[in-house]
Amino acid sequence: MRARHTLFGAAFALLAAGMANSAMSNSVMAQDIKIGEINSYSLLPAFTEPYRKGWQLAVEEINAAGGINGKKLVVVSKDDGGKPADAQTAANELVSSEGVAMLAGTFLSNIGLAVSDFANQKKVFFLAAEPLTDAITWSKGNKYTFRLRPSNYMQAAMLVEAAAKLPAKRWATIAPNYEYGQSAVAVFKKLMSEKRPDIQWVDEQWPPQGKIDAGPVVQAVAAANPEAILNVTFGADLVKLVREGNTRGLFKDRAVVSFLTGEPEYLDPLKDETPQGWIVTGYPWYSIKTPEHDAFLKAYQAKYNDYPRLGSIVGYQTIKSAAAILAKANSTDPEKLIAAAEGLSVPSPFGEITFRKIDHQSTLGAFVGKTALKDGKGVMVDAAYKKGSDYLPSDAEVAKMRPKE
């Protein structure tokens, strides 16, 4: 009898200990707030590796300062491989298996739209980091999706300000044939033609993203004999285009306006082949002298012993913004997160930004300047920061473009 009591007591003690450990484990888990992050790490490492470093620095800073209302922030990250279907699968796993409070990230515009659609259907908050298509906040916008980076419209408006002053009347365009490139060309042409009705668009080239055959593209543009070129290619495609264009003299005595080319991740690989005098958006980290950027730069270089790319800024600010939204909401309920995010102002390395209530677009801006060659390396000169809020259409115009809830 006594032996049975002893066994029963031991079993009960083990059960009680297991329950206590489980309760402690659940209690610890309850102290964590998870963000599900998705990006094209394996496809676009030049941007996404600095981006990952940026958000990891942000997580470290947030948790060192007490987390989110006392709870630890955890980022669970997945690679979408550059495929919209894989991104939606990743989003589903993050929500259903990991129990994340929100989704964040994405790079390519078609993937951003796919995750935005998932967020809308599943009623999950999504902070898009990098995708630039205007559709994400306008024609296909939804209440659950917010965006950090300045959109194609905003960057086009910044570039048009300088491009419209060029004497060139005959223009050609080169852009990757998917959502981002199509959107960028369409809005640049629209805004440019409004400012300069005398312009002719004489040629369009649409190479497949990541698979440009630069020779025929350069040959076709040269045959159209434009006075200026709009370029929207980036990454390895940009390197191939520049190399072929330099070899064939495409850029000689022609103005070039180029989205993103001043970003270090795209400018650095050009090295001494960097064309000079292109009007670009980018990130001249070496010439930004503000207290906010100095603090970011110091922290980033101390942690990584490397200079930041624009991806570093985007990753850092995405998680900093997400944390500010979660802290203000003091809840993981999607409706409360939306209410907290609409109209929220947060600090950034580029100064204070606001997530607009009308379309959930942040007012983060971009630098516009020109490419130049310095010590055998491409740099951005004559750069000026353009506030995003100065390059957005009116609320009335946005209301016409955005679906009614």
Listed residues Ala58, Ala91, Ala114; which is of a type in the set (Gly, Ala, Ser), open to solvent by less than 50 Å² (accessible area, probe 1.4 Å), in contact with a strand residue (DSSP E or B) (Cβ under 8 Å, 6 or more places away or on another chain) and modelled with pLDDT of 95 or more? Ala91
Scanning the range 149-165 for residues that are in contact with a strand residue (DSSP E or B) (Cβ under 6 Å, 6 or more places away or on another chain) and either assigned to a helix (DSSP H, G or I) or surrounded by fewer than 16 Cβ atoms within 10 Å (Cβ to Cβ) (or both) gives Gln155, Met158, Leu159, Ala162, Ala163
Would you mention how many residues in the range 272-282 are farther than 22 Å from Ala164 by Cα and either assigned to a loop (DSSP other than H, G, I, E, B) or of a type in the set (Phe, Trp, Tyr) (or both)? 1
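Give me the helices (runs of 4 or more DSSP H) completely within the range 303-405, filtered to those with at least 1 residues that are touching a Gly at 6+ places or on another chain (Cβ under 7 Å), ordered by residue number. Please lay out each step first, then the result.
Details: elements: 310-329, 334-341, 395-401.
The helices (runs of 4 or more DSSP H) meeting that bar are 310-329.
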Evaluate the following for Gly66: is it in a loop (DSSP other than H, G, I, E, B) and not basic (Lys, Arg)? yes
Would you please name the residue that is least open to solvent (accessible area, probe 1.4 Å), looking only at residues in the range 180-228 that are closer than 12 Å to Arg170 by Cα, in contact with an Asp or Glu (Cβ under 7 Å, 6 or more places away or on another chain) and in a helix (DSSP H, G or I)? Val221
Just checking, does the range 75-98 include any residue being within 29 Å of Ser389 (Cβ to Cβ), assigned to a loop (DSSP other than H, G, I, E, B) and under 16 Å from the mean Cα position of the chain (by Cα)? no
Kindly provide the set of residues from the range 252-271 that are out of contact with any Pro (no Cβ under 9 Å at 6 or more places or on another chain), among the acidic types (Asp, Glu) and part of a helix (DSSP H, G or I), ordered by number. Asp268
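The values are calculated or read from the model by the stated rules, or taken from the named source; none is laboratory data. Every value quoted in this text rests on a predicted model; they were computed, and no experiment measured them. Glycine gets a Cβ as well: all are built from the backbone with ideal geometry, and neighbour counts include every protein chain shown. These area figures cover heavy atoms from the full protein model, side chains too; ligands, DNA and RNA do not enter into them. Shrake-Rupley method; radii C 1.70, N 1.55, O 1.52, S 1.80 Å.
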